[in-house]
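Everything on this sheet refers to the single structure shown next.
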Amino acid sequence: MKRKHAALTLPVAVLLAVAGAVVLPGAAGAATTLGASAAARDSRVFGTAVAASKLSDTAYTTILNREFNAVTPENEMKIDATEPQRGQFSYGNADRIVAHARGQGMRVRGHTLAWHSQQPGWMQSLSGSTLRSAMLNHVTQVATHFKGQVAWWDVVNEAFADGSSGARRDSNLQRTGNDWIEAAFTAARAADPSAKLCYNDYNTDNWSAAKTQAVYRMVQDFKNRGVPIDCVGFQAHFTGGSSYPSNFRTTLSSFAALGVDVHITELDITNAPAAAYTSVTNDCLAVPRCRAITVWGIRDSDSWRSGESPLLFTSSGGKKAAYTAVLTALNNGTSPSDPASPSPSSPGGGCTASITPGTVWGDRYNTSVTVTGSSTWTVTIDITAPQKVSTTWSGAFTWSNGGNTMTVKPNGSGATFGFTTMTNGNSSAWPQITSCTAS
């Protein structure tokens, strides 16, 4: 969805941190398109939103077929398009997009089965158990129609309110009962057991935001209770009003630690700054369970925000600097042997210690930890042998357990400390926080 969000500005320190050691596009072994490079990064995808009406535009399809390995129908699978009259389903345009994608070997993201917006008039007029029944029938019928053709479904879209309340959005679907989201996921799983089922929302990029935390608690609850959910989508529409969150990587890794994949689903950034696109790409690559990046359109003229020039290609189809930056980041990106996601935060103890993964090189990687809840604290972190910490900063560090348990206290430098870990041949583990104790 289409909301206006965040203008993205990055401090010099962030730009330096994400630069790393790069392999330029065109170097030996480097892929030359977005989809091919993403696929080389542990079979990830780099996709785009597609409109059926533009599939007859050869300039459009030339870029689509060359650059991307996944598509999301922009509007063609939404409720008003697929069930314009109650019980009467219409799949023509959606089928056209799916056929094109599958003919090109691309994967398809279904968008979306249940949403408060773009409902046809007949659905808007319903309420209570009648609406609940109609919603579940819609989920079942549409997911069944595309069974075996859709890799992921945005089962429920934008169900949480903006602002600081952390509450569910007040919609006609929410008024059918607080269990409507899990009911939709259960119906989707029954209709297509092989598709990955996702929750998708906007303004959930900042880890500390109330909306982000509310979605996190829902996903955590679903996983604890066995409600079928496989992935979470972060729309990442960045535009005027607030900046790209420096803790976006923490958001991705924290959700991933719940046992779900994370996807960047509708990426576009005002004026397409190369540094911002690089940062978003690197954040995804640093989290092994970040499986997909999708930009919301191909050329600026295809964007719902066309006046802001937010995409990777100009209206005439030319590659922007942001395109080159993303391809460079992908070609420099993490591989299947890079460390797995860290534990995002500590058990309780009067404070919380949250990990933010940093730059990854071939033989080492950076980690920072931020402590909240107390100004005096002790954090204990386990390092998996034969990995060893080589450099530390902004904390008072001591060691035990043969150098594999690290205890950190504040040294007057603030609430964030960091360290560099040498992999020493073991690149399948991250440091794990075992405790945070206020003192």
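The values are calculated or read from the model by the stated rules, or taken from the named source; none is laboratory data. Note that this is a predicted model, so its numbers are computed, not measured. Here the Cβ is made from the backbone with ideal geometry for all residues, glycine too, and neighbour counts use every protein chain on show. The accessibility values were calculated without ligands, DNA or RNA, using every heavy atom of the protein model including side chains. Shrake-Rupley method; radii C 1.70, N 1.55, O 1.52, S 1.80 Å.
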**Study point:** Members of the stretch 279-303 found to be more than 23 Å from Arg66 (Cβ to Cβ) and assigned to a loop (DSSP other than H, G, I, E, B), listed by number
**Key:** Ala286, Val287, Pro288, Arg289
Exercise for review: Just name the residue that is farthest from Trp152 (Cα to Cα) out of those in the stretch 56-71 that are among the β-branched types (Val, Ile, Thr) and open to solvent by 30 Å² or more (accessible area, probe 1.4 Å).
Suggested key: Thr58
Point to revise | Which listed residue, of Ser117, Ser164, Ser125, Ser171, is surrounded by fewer than 18 Cβ atoms within 10 Å (Cβ to Cβ), without any contact (Cβ under 8 Å) to a residue 40 or more places away in the chain and of a type in the set (S, T, N, Q) | key: Ser125
Review point. Looking only at residues in the stretch 73-96 that are small (Gly, Ala, Ser) and more than 25 Å from the chain's Cα centre (by Cα), which one is surrounded by the most Cβ atoms within 10 Å (Cβ to Cβ)?
Key: Ala81
Revision key, fill the gap. Across (1) buried (at least 23 other Cβ atoms within 10 Å of the Cβ); (2) assigned to a loop (DSSP other than H, G, I, E, B); (3) not β-branched (Val, Ile, Thr), Ser37 clears everything bar (2)
Review point. Would you say Gly425 is open to solvent by 20 Å² or more (accessible area, probe 1.4 Å), under 24 Å from Arg289 (Cβ atoms), in a loop (DSSP other than H, G, I, E, B) and not basic (Lys, Arg)?
Key: yes
Review point. In the list Ala99, Ala70, which residue meets the criterion of being of a type outside the set (S, T, N, Q), in the same structural domain as Cys198 (by the TED database), within 25 Å of the chain's Cα centre (by Cα) and under 26 Å from Ala38 (Cβ atoms)?
Key: Ala70
Point to revise | Candidate set from the stretch 386-418 (those that are open to solvent by less than 60 Å² (accessible area, probe 1.4 Å) and in a loop (DSSP other than H, G, I, E, B)); member that is nearest to Ser354 (Cα to Cα) | key: Ala415
Practice item. Please tell me if Tyr216 is assigned to a strand (DSSP E or B), within 15 Å of the chain's Cα centre (by Cα) and not hydrophobic (A, V, I, L, M, F, W, C). Key: no
Review point. Taking the stretch 193-237, which residues are crowded, with 23+ Cβ neighbours inside 10 Å and among the charged types (D, E, K, R)?
Key: Asp201, Asp205
Practice item. Return a yes/no flag: does the stretch 366-379 have any residue that is at pLDDT below 90, within 19 Å of Ala275 (Cβ to Cβ) and part of a strand (DSSP E or B). Key: yes
Exercise for review: Would you please list the contacts, defined by Cβ atoms under 8 Å and residues six or more apart or on different chains, that run from a residue in the stretch 261-282 that is within 15 Å of Leu34 (Cα to Cα) and among the polar types (S, T, N, Q) to a residue that is assigned to a loop (DSSP other than H, G, I, E, B) and modelled with pLDDT under 95?
Suggested key: Thr281/Gly333; Asn282/Gly20; Asn282/Gly333
Review point. Considering Ser53, Ser43, which residue is open to solvent by 50 Å² or more (accessible area, probe 1.4 Å) and either under 23 Å from Ser306 (Cα atoms) or modelled with pLDDT under 90 (or both)?
Key: Ser53
Check your understanding: In the stretch 336-359, how many residues are modelled with pLDDT under 80 and out of contact with any helix residue (DSSP H, G or I) (no Cβ under 8 Å at 6 or more places or on another chain)?
Key -> 11
